[in-house]
Amino acid sequence: MGQLQFHFSSTLKLATDFPQDFQSDKVQLEEQILNPKTAYALAPFRPELLDQCVKVKNKFLNITHFVHVGIGGSSLGPEMLLRALKNPGVNFLFMNNIDPDDIQDQLDIIPFESSVFYFVSKSGGTAETLAAFSLIINYFEMRGKSKADIFKRFVFATDPVKSELLEIGKLENIPCLEIPSAVGGRFSVLTPVGYFPALFAGIDVRALLQGAQSTHQLINDEKSDLYKMAHFLFTLKQKENRSLTVLMPYSSKLREFSFWFTQLWAESLGKELDNNGNMVRDGFTPIPAYGATDQHSQMQLFMEGPNDKVMILIEVEHFTRDFSLKNQFATTSLQKLNKHRLSELLSAELKGTLKALETKERPFVHIKIPSLDAESLGALILFFELLTGLMGIKMNVDPFNQPGVELGKTYAFQWLNQLK
């Protein structure tokens, strides 16, 4: 595969002892992604989802502000996309929490007449999203806007079959983009959840999908790095209790990719019960990081602290821009940099980290992408989604539910109902 290249650390014997193939894993993963209830990996092959977004976007002219309202996977994926690939132009605000002070600050800078408000909720009943929906209407009504004018600036993304937002959309003639019923929120960035804001950000969504489609080919090869990486992580956990997964891209623009991965990995794999109903309390704990910044923060822990982690380091081989470090100063540190470029310094710090991890016998996976563009990012996104689904298979847990989250919601509404 051209987009992603993999290198697995070789300091541990078990890490190098890969089976000849992973035919059993392949069969189970194919069954998972073809299941009508969990077909998350097929969304990039549905061009009509993007066509819907383009059609709705074309109704909004002269937009200066895009207000994205959602929480969890409904926001983390689009935030990751835009941080990595956004072009100058439209300003984006993410209402991704229910902090009243922060929301007030955001509302006060929104120019209503040149804004679009995008409400994202798979179920259509997410309390935080509906709370923002209500308060935004109230805010602009108090400033003289009619409901009809307000609703003209709204777009929904939700389940196409059953959803409270879908019902409101039909009632108020608000466009509703489809989040496929088979795709859960944390797997939904490669659906209109991510496509619609990406279009306003000037991102090449078709290239994003091409990258995802290229990763999809890994499923068909039982010797691919997808199956090797799942084996690597699962075996290290089973044999050496390494349950902490550090994701550390060496790119500031991929920092939010680490936060997106954190939800995907934690919510999908942290489970109390396995698929047979046995109490297992199993999971992997994700740790977000990014280089080179966290070499001056968390790396001390990663390198010399408890040896219970596996690190995933992502390298961008070629940057679109660069800077010379040439200077006229005679100080030792500046002279060391004099002949180099900024990208070379970043690359050297990554290479130094990899060598140090080998020396310290700290296991890692090194992933390379040729450049940070839409195609490479699409490939990365689907790779980690497939990896998560495959890890759920190997752990014998359901990577698509979140009963622990639902319990907290139940108690939250019980508490609300007790308030006068």
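Laid out as a table, the results:
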item	result
Residue check, Gln104 of a type in the set (S, T, N, Q) and surrounded by 17 or more Cβ atoms within 10 Å (Cβ to Cβ)	no
Criterion violated by Tyr290 - all others in (1) in a helix (DSSP H, G or I); (2) within 17 Å of Leu254 (Cα to Cα); (3) not hydrophobic (A, V, I, L, M, F, W, C) satisfied	(1)
Residue tally, condition out of contact with any strand residue (DSSP E or B) (no Cβ under 9 Å at 6 or more places or on another chain) and more than 18 Å from Lys351 (Cα to Cα), over the stretch 273-296	4
Any hit, the stretch 109-123, residues being in contact (Cβ under 8 Å) with a residue 60 or more places away in the chain, hydroxyl-bearing (Ser, Thr, Tyr) and not in a loop (DSSP other than H, G, I, E, B)	yes
Those residues of the stretch 108-132 which are among the β-branched types (Val, Ile, Thr) and under 21 Å from the mean Cα position of the chain (by Cα), in sequence order	Val120, Thr126, Thr129
Residue among Glu317, Glu344, Glu375 that alone is of a type outside the set (Lys, Arg), over 23 Å from the mean Cα position of the chain (by Cα) and within 30 Å of Pro286 (Cα to Cα)	Glu344
Residue in the stretch 80-99 that is acidic (Asp, Glu), surrounded by fewer than 14 Cβ atoms within 10 Å (Cβ to Cβ) and either more than 25 Å from the chain's Cα centre (by Cα) or modelled with pLDDT of 95 or more (or both) present	yes
Every residue from the stretch 297-312 that is part of a loop (DSSP other than H, G, I, E, B) and farther than 23 Å from Glu344 by Cβ	Gln298, Gly305, Pro306, Asn307, Asp308
Residue ranges of helices (runs of 4 or more DSSP H) in the stretch 313-396 with at least 1 members of a type in the set (Phe, Trp, Tyr) and in the same structural domain as Pro286 (by TED's automatic domain parsing)	374-395
Complete set of residues in the stretch 83-97 that are touching a strand residue (DSSP E or B) at 6+ places or on another chain (Cβ under 6 Å) and either assigned to a helix (DSSP H, G or I) or among the hydrophobic types (A, V, I, L, M, F, W, C) (or both)	Val90, Phe92, Leu93, Phe94, Met95
Single residue of the stretch 40-86 satisfying the filter (out of contact with any helix residue (DSSP H, G or I) (no Cβ under 6 Å at 6 or more places or on another chain) and of a type in the set (Lys, Arg)) that is farthest from Asp105 (Cα to Cα)	Arg46
Residue identified as assigned by TED's automatic domain parsing to the domain that holds Ile314 and surrounded by fewer than 20 Cβ atoms within 10 Å (Cβ to Cβ) among Phe18, Phe22	Phe18
Search result, residues across the stretch 257-297 that are within 30 Å of Leu81 (Cα to Cα) and small (Gly, Ala, Ser)	Ser258, Ala266, Ser268, Gly270, Gly283, Ala289, Gly291, Ala292, Ser297
Filtered residue count, the stretch 337-382, keeping only those that are without any contact (Cβ under 8 Å) to a residue 24 or more places away in the chain, among the small types (Gly, Ala, Ser) and crowded, with 16+ Cβ neighbours inside 10 Å	0
Residue within the stretch 265-280 that is touching a Pro at 6+ places or on another chain (Cβ under 6 Å) and without any contact (Cβ under 8 Å) to a residue 24 or more places away in the chain present	yes
Scan of the stretch 126-145 for residues that are assigned to a loop (DSSP other than H, G, I, E, B) and surrounded by 14 or more Cβ atoms within 10 Å (Cβ to Cβ), ordered by number	Thr126, Lys145
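The values are calculated or read from the model by the stated rules, or taken from the named source; none is laboratory data. Bear in mind that the values here come from a model prediction, so they are computed numbers and not experimental data. Cβ: placed from backbone, ideal geometry, glycine included. Neighbour counts: every protein chain shown.
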